[in-house]
Amino acid sequence: MLLSACGEQRREPELNIIDDKYRNWYEVFVYSYYDSDGDRIGDLTGLAEKLDYISDLGMNGIWLMPVMPSPSYHKYDVTDYYDIDPQYGTLENFSAMLEKAHSLGIDVIIDLVLNHTSNEHPWFISAKSGEDSEYRDWYNWSDSPQDGYAKAGDGYYECRFVNTMPDLNLDNPEVRAEIKNILRFWLEDMGVDGFRLDAVTSYYTGNVEKNKEFITWLGDAARAISPDCYIVGEAWTDLYEIADYCEAGIDSFFLFPTAQKGGYIEEILGPDVKEPGKSYGNVTKLLEQRLPENTIPAPFLSNHDTARAASVIGPDVEKQKMAAGLLAMMRGGTYVYYGDEIGMLGSATDPDKRLGVLWTTLSEVTRCPPGTTVANYVQPSVAEQLEDPDSLLNYYAAAMRLRNENPEIARGESEVIDSGLG
């Protein structure tokens with residue numbers, strides 16, 4: 001690409017993308033992304049239509065929030081681990097989307113929810129029917145009431161989140177054998193590139209060592225099927241416990257300390273930090289010192305569970321650009337939540353954080369997720385921002401391109417240098 005500056009032409013640096021696990025990841029909630037069939041619910045065919053946009057944004061990895069059948073809009077309560085939710089399409093639609101993504105050099109990982117199933121899963125429907133069920137021991141039961149349990153028949157089942165999400169008994173050899181089958185189906189039969197592990201700190205509530213043991217087992221099982229698969233875990237905790245979880249041996253854990261209100265990036269951009277450049281350098285050094293060398297850090301500004309970046313950083317678009325720039329300069333594989341690149345808002349409820357993308361006009365936006373309380377779009381649409389060279393969207397694209405031109409940003413080590421300007 002040729003750019004003009006002061007009447008002269010100069011060539012933009014060439015991309016230097018390394019085909020490894022250090023990628024620019026883009027989190028997508030299919031329900032709210034792009035609708036291809038007119039029902040105002042996003043689907044996999046709609047996502048496939050927008051893959052060129054994602055590629056042009058500089059993203060070479062996509063994390064899909066759950067796509068398996070589920071009774072809820074968010075789909076974190078699975079009823080079938082071997083299929084696609086009908087709202088999103090079919091396995092054939094998934095394969096077509098995946099094939100196009102791979103043709104564009106985009107890896108695709110999917111959410112894998114193993115802490116619990118839906119209470120409508122056939123396993124649980126059978127398990128709650130009585131102690132003679134072959135699936136009874138696939139869940140955790142108690143004869144008496146206790147915290148984190150709900151009643152079903154003559155017993156009480158563990159459900160640490162809500163009673164519609166019964167926790168699986170991950171110590172059961174039959175459950176682990178089934179999990180291996182699930183891994184094989186998605187990695188081998190469908191061809192995904194890896195998984196995002198949901199709620200790893202809740203596999204065995206309050207027991208970090210058992211959580212780590214299961215994560216290690218899961219990582220080993222996945223790599224036995226697909227040695228190059230990528231696995232990132234959600235351990236929503238502080239940096240020191242995340243570093244502890246890294247000992248489990250999977251590729252990445254999300255760096256929650258960089259995100260959210262009070263996170264490193266928001267604090268650096270706040271009024272109380274007098275030397276933001278030095279503070280940022282110290283943060284990058286801290287992350288490199290605390291995390292094991294073989295871990296790929298996974299920093300982000302927001303995701304589907306947190307307030308959106310623009311809601312945290314504030315309405316100043318230049319400040320939002322600065323936050324995106326700081327994220328883009330971090331080591332590891334950065335994660336961008338869909339819509340953050342155009343300054344979408346959302347903070348009050350989970351549905352508020354998962355609104356549809358404003359591609360052109362509001363008439364094209366997908367239906368608001370159930371429970372939405374506020375749906376405001378204060379920044380221009382994708383179409384408008386694409387035409388504006390100074391837009392937030394084009395800044396994100398430039399920042400991600402910089403990472404793709406200079407692979408050492410993601411893989412190198414930081415050094416804090418005194419500029420002498422004091």
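Within segment 75-101, residues that are of a type in the set (S, T, N, Q) have Cβ atoms under 7 Å from residues that are open to solvent by 50 Å² or more (accessible area, probe 1.4 Å) in these pairs: Thr79/Pro71; Thr79/Glu120; Asn93/Thr45, counting only partners at least 6 apart in sequence or on another chain.
hydroxyl-bearing (Ser, Thr, Tyr), in contact with a Lys or Arg (Cβ under 6 Å, 6 or more places away or on another chain) and at pLDDT 95 or above: does that describe Ser302? When the stated conditions are applied, Ser302 passes them.
For segment 278-314, residues that are assigned to a helix (DSSP H, G or I) and touching a residue at least 60 places away in the same chain (Cβ under 8 Å) total 7. Note on segment 271-324: among residues that are touching a strand residue (DSSP E or B) at 6+ places or on another chain (Cβ under 9 Å) and of a type in the set (A, V, I, L, M), the one that is farthest from Val336 (Cα to Cα) is Leu291. Scanning segment 94-109 finds one or more residues that are acidic (Asp, Glu) and closer than 30 Å to Asp19 by Cα. Identification of strands (runs of 3 or more DSSP E) wholly contained in segment 1-113 with 1 or more residues that are over 29 Å from Met165 (Cβ atoms) and in contact with an Asp or Glu (Cβ under 6 Å, 6 or more places away or on another chain) yields 2-5. In segment 258-282, the residue that is farthest from the chain's Cα centre (by Cα) out of those that are among the hydrophobic types (A, V, I, L, M, F, W, C) and either surrounded by fewer than 16 Cβ atoms within 10 Å (Cβ to Cβ) or under 19 Å from Glu413 (Cα atoms) (or both) is Val273.
The values are calculated or read from the model by the stated rules, or taken from the named source; none is laboratory data. These numbers come from a predicted model, not from an experiment. Glycine also receives a Cβ, built like all others from the backbone with ideal geometry; neighbour counts cover every protein chain displayed. Areas reflect the complete protein model, heavy atoms only, side chains present, ligands, DNA and RNA absent. Shrake-Rupley method; radii C 1.70, N 1.55, O 1.52, S 1.80 Å.
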